[in-house]
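Worksheet: one structure, shown below.
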Amino acid sequence: MSEETPMHRPEYDVIVVGSGNAGFSAALSAAEHGAQKVLLVDKCPLEWAGGNSYFTAGAYRTVFHGLGDVLSFVASVDTEKAKKIDMSAYTKQDFWNDLMRVTNGRADPELGKVLVDESREAVGWLAKKGIRFELSFNRYSLSIHQLMAGKHTRLMDGSSSGVGWFWLLSTAGKD
């Protein structure tokens, strides 16, 4: 009779389920806050990894205070293009109203408040991690006499849309 050996079970400080923007962000944050071994798991095949971000074209909504604020984290807006953009602020109240509208008022109030209140800080953190944001002119604005106008409430990653989020975040996670 052979002696049974216990199954090797690796130990992790943090296990994150889901490879979308939220999952990768949670895994990166855990590592930043001292977790030595972080495991990110997803049930999908690698080619489908990225969670819902894979299907959303990388659209991301955040609070901002106008074009000057946004220019600190968006790519591909040079001085000449900036002169042609009419962009008002997207306030916490605007975000909250949109959240309630798209969820038919069913969003959890406490979680919704965190989402809205911390959205701008999260975008800055993601930008430092290598996510490149672009304004979504082709979806959410109107061009009149070469002036781009619109709320631009959604910003988009400029690297392969939603698929790009997965690859950029997975690259950041290897550091």
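Since every read-out is calculated from the coordinates, none of them should be taken as a lab result. What you are looking at is a predicted structure, and each value in this text was computed from that prediction instead of being measured. Here the Cβ positions follow ideal geometry from the backbone for every residue, glycine too, while neighbour counts run over all protein chains shown.
Conditions tested, residue by residue: (1) in contact (Cβ under 8 Å) with a residue 12 or more places away in the chain; (2) more than 25 Å from Ser19 (Cβ to Cβ); (3) out of contact with any His (no Cβ under 7 Å at 6 or more places or on another chain).
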{"position": "Thr62", "(1), (2), (3)": "yes, no, yes"}
{"position": "Leu67", "(1), (2), (3)": "yes, yes, yes"}
{"position": "Val102", "(1), (2), (3)": "no, no, yes"}
{"position": "Gly112", "(1), (2), (3)": "yes, no, yes"}
{"position": "Ile131", "(1), (2), (3)": "yes, no, yes"}
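Of all residues in the range 83-102, those satisfying the criterion of being farther than 21 Å from Leu115 by Cα and in a loop (DSSP other than H, G, I, E, B) are Lys84, Met87. All conditions in (1) assigned to a loop (DSSP other than H, G, I, E, B); (2) out of contact with any strand residue (DSSP E or B) (no Cβ under 7 Å at 6 or more places or on another chain); (3) under 17 Å from Phe64 (Cβ atoms) hold for Val77, with the sole exception of (2).
In this structure, is Ala89 touching a strand residue (DSSP E or B) at 6+ places or on another chain (Cβ under 9 Å) and surrounded by 14 or more Cβ atoms within 10 Å (Cβ to Cβ)?
Values: touching a strand residue (DSSP E or B) at 6+ places or on another chain (Cβ under 9 Å): yes; surrounded by 14 or more Cβ atoms within 10 Å (Cβ to Cβ): yes.
Considered against the rule, which asks whether it is touching a strand residue (DSSP E or B) at 6+ places or on another chain (Cβ under 9 Å) and surrounded by 14 or more Cβ atoms within 10 Å (Cβ to Cβ), Ala89 comes out as yes.
For the range 45-55, the set of residues classified as in contact with a Phe, Trp or Tyr (Cβ under 9 Å, 6 or more places away or on another chain) and either surrounded by fewer than 12 Cβ atoms within 10 Å (Cβ to Cβ) or part of a loop (DSSP other than H, G, I, E, B) (or both) consists of Ala49, Gly50, listed by residue number.
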